[in-house]
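The values are calculated or read from the model by the stated rules, or taken from the named source; none is laboratory data. Since the model is a prediction, treat every value here as computed from it, not as a measurement. Cβ coordinates were reconstructed from backbone atoms using ideal geometry, including for glycine residues, and neighbour counts include every protein chain displayed.
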Amino acid sequence: MLLFLGKKFMEMILTLIGITFVCFLLIRLVPGDPVLLMIGERNMDPVAYEAAKAKLGLDKPILVQFVDYTGQVLKGDLGTSVTSKNSVWEEFKERFPATVELSIVALVFATLFAIPFGILAALKKNTFFDYFLMGTSLAGYSMPIFWWGLVLILFFSVKLGWTPVSGRIALEYDIPMQTGLYLIDALQSSVREAEGFKPFWSALRHLILPSIVLGTIPLAVMARMTRSSFLEVLGEDYVRTARAKGLSEKRVVLIHAFRNALIPIVTTLALCFGTIITGAILTETIFSWPGIGKWIVTSITARDYPTIQGGVLIIAVIIVLTNTLVDLIYIYLNPRMKNALLK
Amino acid sequence: MKDFFLELSRDIRKNKGALAGLVLILVFMLLAIFAPLLSPYAPDQVIEGALRLPPGTQLNNNFFLFGTDDIGRDLFSRLLYGSRVSLLVGLSVVVLAASLGTLMGLLAGYFGGWTDRVISRAMDFIMALPSVLFAIVIVAVLGPGLVNAIVAVSIVALPNFTRLIRAQVLAEKNKQYVQAARLYGASHLRILFKEILPNCLAPLIVQGSLGFSDGVLNCAALGFLGLGAQAPTPEWGTMLSDARSFLETSPWMVNLPGICILLVVLSFNLLGDGLRDALDPRLKNRA
Amino acid sequence: MLLEIEDLSVKFKTDSGMLEALRPVSFSVAESEVLGVVGESGSGKSVTNLALMGLLPANAQITAKKILFNRKNLDLNSQKELRKIRGSQIAMIFQDPMTALNPSLTVGYQMIETLRCHFDISKDVAKKRALGLLERVGIAQAEKRFTAYPFELSGGMSQRVMIAMAISCHPKLLIADEPTTALDVTIQKQILDLLLDLQKENKMSMIFVSHDLALVRKYSHRVQVMYAGEIAESGRTEDVIQHPHHPYTFGLLKARPSAHEGGAKESLYAIPGVVPSLKARPTGCQFHPRCSRSTDVCVNVDPKLTGTSQKFACHHPLETP
């Protein structure tokens, strides 16, 4: 077991090093002078230039620079943003909760609908319901989500006025930030101040549309995966045995089939994480959601290279960590592998 | 080879989804090829006084089937030419990613060892980052523009092809016909291209179809973010981005390009999906 | 009679058309009787049982003139009716015990749920009964196995668990579909002896399906030989084995490798030809392409099952002394 964990850990470290290296190379690959790019000036007077170059360590050989960079990153120093002049890490911390909140709500929404839909489609295989569901989910991951978001805004915000167009909460509410997750903070403040749940509802209303948009592709992908996973499991011998024992169909599907069908579904859920980040970039842009997706996009348009470099690195690290975590959870869920490892 | 395609066409016909997809694709291809003939105006032609006209408006002697945009250009013509751009993008991405990916997959699978390790690590690496993000980063380095966007999206599409071919090669490598070929002295190249590659064709076609749709979608996303095709190129994603501020007043400017993207991507996904179901050997034998 | 079946037929709707898996067959099983069913793959022996339990896939079409179980009519197309008798009145054990148990649920859980599905008892009572059953089927350290997962058990042990589950609700009929085919020969005897024991003890009827004539001979009272979806011959086991009338039965008997009759010197006999594919059935008697006794009437007319205590379906049955 330890050997296995150790191996996984090593793999993870290697990937992280690789990613750090590539991000490190980023600025040096962009055409143009790295010093100017990092400082964000068009030109500088020679004295200031040399000083900046030395400060940034750009006068040292490449490998030394890389080691230095890695050291800096591990200490939490990811550079300074050209546009805001703040530390990249600070900028990230400020925006991260927004994306986390949006992603979680989107994934919850996706899972909540995908699994029942997938199961129903599998049970009613080849009926109109099945074709309809699968057709819809195919359309779901064929459509550009930036367009989908605009369509929903047009319909629900503009025409019907049910949801707001942008932002995380109505401007009139000023709730103290604790976690950065508006839903939780709003709840907390409501309980403490006893001022009713209006801020909470406001935050929720702001979340609905973006999460639906962000969750659409994971919903479509997971619905299809649930359906195919279920179909495969329903054909297995042990399901036949369960039926032969006289168990109710409900039990056969929800207990016998579900447990075993769950494994590929969880894997897909984990893979959706990457889709979520991609989607977040586009969704946040449309809804002016102050998260890291929008942050990366604006920094690219603004040529804020330190931010791009730092932001991409953080995101990549998070993804690698999450993937490793998912691998471990997957093994835990699969009793056969868990047992094999524990022995 | 002929039998392969005969069977393929039979499989497509059996699967209604794939057939629908194929028909749609052909429609778009025709529209794209005959765009100059079909479009009433040039894509960047500005018509006097025709600002943001809704679809179906008649102005003097001009009829705008899909309306006009905020500069006064006919949307129908722009969309038609946009289909050229999108199909070109999809084709380029697939050709680039498939050829390079197949080559790398063949090398990695066949020769194993360090070749495999290096190539596989590189692919794992590209896959570690979400597609659009990685594409954005590449474009950040290379600079915005349609060509750079195509390059970026192709790189992102590489791992799918490489892994696919590599898996196929690994499966076929130890089969008897390959060993027989080696016995009578066939060179590595010959074995790779004459023996192994033909067996990879089926999944390659499926992935090609799906890669096409991904390519179009990703490029449109880049266009939307302002990093892909630049104005005045009539790329659907870029058109969407320009139309954003007019969402309320002229929704057709937003909806029509979006629907076009949806239809093209959908058609290739339908085809790819249908082909995958049809070519799945397990499903083939099920009564 | 516990089970009476008249003209049961099963067809499958496929892309290649309607395939007839089971031609109308009629047979019966008496109380406390073991009916052995012998046949090659494709003979319809498993389809019959699955049809009886309502476990065939959705594209199966089942028709029957009359099905009487325990003197009550049974509609094989009504899942509702079947669910009432599945597990409690008719139980089934399958060929591959390793895949027949749910890999992500413990043995204990799967046994308890069977019991609580048919009896209104608490978990503790169910657990006690389950442990008792596990011991009865010869599983030592029942407590330990109770909390184990199926993949931790050997093939033989898994099959014992399946048997325990199957008899846990005191079914009147136990269908054993090739219960030992996937097991080692040494284990086979143990399992079959156990089944026979339980059968006698509980006065259960049993349908024992196998492709192995020797096993069927040893463990069944009556035997039924099936070929290509029809019954070729049936009767008391000893009668059929000693005096087979149908050429196919004779072929099967002849094809057994015999350790006693100086068989090491003789080459193994194999019935010439192959079992017909469902998509291309021969006309008339299904066995005629492989039969040395076939004549014109065999090519044109499918013989009906005739006879009294020993039945056979053949135009030119063997007359053995």
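Residues satisfying the criterion are absent from region A:267-275 (criterion: at the interface with another protein chain (Cβ under 10 Å from one of its Cβ atoms), in contact with a Phe, Trp or Tyr (Cβ under 7 Å, 6 or more places away or on another chain) and of a type in the set (A, V, I, L, M, F, W, C)). With respect to B:ARG163, is the statement that it is surrounded by fewer than 18 Cβ atoms within 10 Å (Cβ to Cβ), out of contact with any Phe, Trp or Tyr (no Cβ under 9 Å at 6 or more places or on another chain) and among the charged types (D, E, K, R) true? No, not satisfied.
Take region B:209-226 and flag every residue that is touching a residue at least 40 places away in the same chain (Cβ under 8 Å), farther than 26 Å from B:LEU26 by Cβ and within 7 Å of chain A (Cβ to nearest Cβ). The answer is B:LEU225, B:GLY226. Whether any residue in region A:90-112 is of a type outside the set (Phe, Trp, Tyr), surrounded by fewer than 21 Cβ atoms within 10 Å (Cβ to Cβ) and not in a helix (DSSP H, G or I) is what I want to check. No: region A:90-112 contains no residue that is of a type outside the set (Phe, Trp, Tyr), surrounded by fewer than 21 Cβ atoms within 10 Å (Cβ to Cβ) and not in a helix (DSSP H, G or I). Every listed requirement among (1) modelled with pLDDT of 75 or more; (2) out of contact with any Lys or Arg (no Cβ under 7 Å at 6 or more places or on another chain); (3) assigned to a helix (DSSP H, G or I) is met by B:ALA32 save one, (2).
Please go through region B:235-273 and give me each residue that is hydroxyl-bearing (Ser, Thr, Tyr) and closer than 13 Å to B:ARG52 by Cα, ordered by number. Let's see the steps before the verdict.
The initial filter retains those residues of region B:235-273 that are hydroxyl-bearing (Ser, Thr, Tyr), namely B:238, B:241, B:245, B:249-250, B:267.
The answer is B:SER245, B:THR249, B:SER250.
Assess whether B:SER99 counts as being under 24 Å from B:GLN230 (Cβ atoms), of a type outside the set (A, V, I, L, M, F, W, C), out of contact with any Asp or Glu (no Cβ under 7 Å at 6 or more places or on another chain) and part of a helix (DSSP H, G or I).
Considered against the rule, which asks whether it is under 24 Å from B:GLN230 (Cβ atoms), of a type outside the set (A, V, I, L, M, F, W, C), out of contact with any Asp or Glu (no Cβ under 7 Å at 6 or more places or on another chain) and part of a helix (DSSP H, G or I), B:SER99 comes out as no.
In region C:159-176, the residue that is farthest from the other protein chains (Cβ to nearest Cβ) out of those that are more than 17 Å from C:GLU113 (Cβ to Cβ) and surrounded by 21 or more Cβ atoms within 10 Å (Cβ to Cβ) is C:ARG160. Would you pick out the residues in region A:68-120 that are more than 21 Å from the chain's Cα centre (by Cα) and of a type in the set (Asp, Glu)? Result: A:ASP68, A:ASP77.
Taken together, B:GLY49, B:GLY113 contain a single residue that is touching a strand residue (DSSP E or B) at 6+ places or on another chain (Cβ under 9 Å), surrounded by fewer than 22 Cβ atoms within 10 Å (Cβ to Cβ) and farther than 25 Å from B:PHE28 by Cα, which is B:GLY49.
Could you go through region B:90-101 and let me know if any residue there is free of Cβ contacts under 8 Å to residues at least 24 places away in the same chain, of a type outside the set (Val, Ile, Thr) and under 29 Å from B:GLY274 (Cβ atoms).
Start the filter on region B:90-101 by keeping residues that are free of Cβ contacts under 8 Å to residues at least 24 places away in the same chain, which leaves B:95, B:99.
Next cut, of a type outside the set (Val, Ile, Thr) only: B:99.
Pick out the ones that are also under 29 Å from B:GLY274 (Cβ atoms) and you get B:99.
Yes: region B:90-101 contains one or more residues that are free of Cβ contacts under 8 Å to residues at least 24 places away in the same chain, of a type outside the set (Val, Ile, Thr) and under 29 Å from B:GLY274 (Cβ atoms).
Listed by first and then second residue, the pairs linking a residue in region B:246-270 that is more than 7 Å from every other protein chain (Cβ to nearest Cβ) to a residue that is among the basic types (Lys, Arg), with Cβ atoms under 7 Å apart and 6 or more places separating them unless they lie on different chains, are B:PHE246/B:ARG52; B:THR249/B:ARG52; B:SER250/B:ARG52.
What do you reckon, is A:ILE39 modelled with pLDDT of 75 or more and surrounded by 14 or more Cβ atoms within 10 Å (Cβ to Cβ)?
Details: modelled with pLDDT of 75 or more: no; surrounded by 14 or more Cβ atoms within 10 Å (Cβ to Cβ): yes.
Criteria not met by A:ILE39.
Only one entry in A:ASP59, A:ASP77 is more than 14 Å from chain B (Cβ to nearest Cβ), touching a residue at least 12 places away in the same chain (Cβ under 8 Å) and in a loop (DSSP other than H, G, I, E, B), namely A:ASP77.
Can you say whether A:GLU50 is of a type in the set (Asp, Glu), farther than 30 Å from B:ALA18 by Cα and surrounded by 14 or more Cβ atoms within 10 Å (Cβ to Cβ), as far as the supplied structure shows? First the steps, then the outcome.
Values: of a type in the set (Asp, Glu): yes; farther than 30 Å from B:ALA18 by Cα: yes; surrounded by 14 or more Cβ atoms within 10 Å (Cβ to Cβ): no.
Judged against the criteria, A:GLU50 is not a match.
Here the strands (runs of 3 or more DSSP E) wholly within region C:22-139 that include at least 3 residues being in contact (Cβ under 8 Å) with a residue 40 or more places away in the chain, β-branched (Val, Ile, Thr) and touching a strand residue (DSSP E or B) at 6+ places or on another chain (Cβ under 9 Å) are C:34-38. Contact map, region A:189-205: residues that are at pLDDT 70 or above paired with residues that are small (Gly, Ala, Ser) and in a helix (DSSP H, G or I), Cβ distance under 7 Å, separation 6+ or inter-chain. Pairs shown: A:PHE197/A:SER190; A:PRO199/A:ALA186; A:PRO199/A:SER189; A:PRO199/A:SER190; A:PHE200/A:ALA186; A:PHE200/A:SER190; A:ALA203/A:ALA186.
Checking the structure you have, find out if any residue of region B:62-83 is part of a helix (DSSP H, G or I) and surrounded by fewer than 13 Cβ atoms within 10 Å (Cβ to Cβ).
Our first condition is that a residue be part of a helix (DSSP H, G or I); within region B:62-83, this holds for B:75-83.
Cutting the leftovers down to surrounded by fewer than 13 Cβ atoms within 10 Å (Cβ to Cβ) gives us none.
No, region B:62-83 has no match at all.
Within region A:15-51, the set of residues being free of Cβ contacts under 8 Å to residues at least 24 places away in the same chain and in a loop (DSSP other than H, G, I, E, B) comprises A:PRO31, A:GLY32, A:ASP33, A:GLU41, A:ARG42, A:ASN43, A:MET44, A:ASP45.
Does any residue of region A:130-140 turn out to be farther than 30 Å from A:VAL239 by Cα and either touching a Phe, Trp or Tyr at 6+ places or on another chain (Cβ under 6 Å) or part of a helix (DSSP H, G or I) (or both)?
To start, the set of residues in region A:130-140 that are farther than 30 Å from A:VAL239 by Cα comprises A:139-140.
Of the ones still in play, those that are also either touching a Phe, Trp or Tyr at 6+ places or on another chain (Cβ under 6 Å) or part of a helix (DSSP H, G or I) (or both) are A:139-140.
There is at least one residue in region A:130-140 that is farther than 30 Å from A:VAL239 by Cα and either touching a Phe, Trp or Tyr at 6+ places or on another chain (Cβ under 6 Å) or part of a helix (DSSP H, G or I) (or both).
Restricting attention to region A:229-254, the residues that are in contact (Cβ under 8 Å) with a residue 12 or more places away in the chain and either touching an Asp or Glu at 6+ places or on another chain (Cβ under 9 Å) or within 12 Å of another protein chain (Cβ to nearest Cβ) (or both) total 9. Within region B:20-39, none of the residues are surrounded by fewer than 18 Cβ atoms within 10 Å (Cβ to Cβ), without any contact (Cβ under 8 Å) to a residue 60 or more places away in the chain and in contact with an Asp or Glu (Cβ under 7 Å, 6 or more places away or on another chain). Of the helices (runs of 4 or more DSSP H) contained entirely in region B:154-249, those carrying at least 1 residues that are within 16 Å of the chain's Cα centre (by Cα) fall at B:197-224, B:236-243. Please enumerate the residues belonging to region C:17-50 that are touching a Lys or Arg at 6+ places or on another chain (Cβ under 6 Å) and within 14 Å of another protein chain (Cβ to nearest Cβ). Across region C:17-50, the qualifying residues are C:MET18, C:GLU20.
Among the residues of region A:69-77, are any surrounded by fewer than 17 Cβ atoms within 10 Å (Cβ to Cβ), among the β-branched types (Val, Ile, Thr) and under 28 Å from B:PHE134 (Cβ atoms)? Spell out how you get there, then give the answer.
Filtering region A:69-77 down to residues surrounded by fewer than 17 Cβ atoms within 10 Å (Cβ to Cβ) leaves A:70-72, A:74-77.
Within this subset, residues satisfying the condition of being among the β-branched types (Val, Ile, Thr) are A:70.
Filter once more, keeping what is under 28 Å from B:PHE134 (Cβ atoms): A:70.
Yes - at least one qualifying residue is present in region A:69-77.
Criterion first (surrounded by fewer than 22 Cβ atoms within 10 Å (Cβ to Cβ) and within 11 Å of chain B (Cβ to nearest Cβ)) does A:PHE258 satisfy it? If you could, list the steps in order and put the result at the bottom.
Details: surrounded by fewer than 22 Cβ atoms within 10 Å (Cβ to Cβ): yes; within 11 Å of chain B (Cβ to nearest Cβ): no.
No.
The single condition from (1) under 21 Å from C:GLU31 (Cα atoms); (2) surrounded by 14 or more Cβ atoms within 10 Å (Cβ to Cβ); (3) not hydroxyl-bearing (Ser, Thr, Tyr) that C:GLU152 fails is (1). Output yes when any residue across region B:253-263 is modelled with pLDDT under 90 and in a loop (DSSP other than H, G, I, E, B), and no when none is. Among the residues of region B:253-263, not one is modelled with pLDDT under 90 and in a loop (DSSP other than H, G, I, E, B), which makes the answer no.
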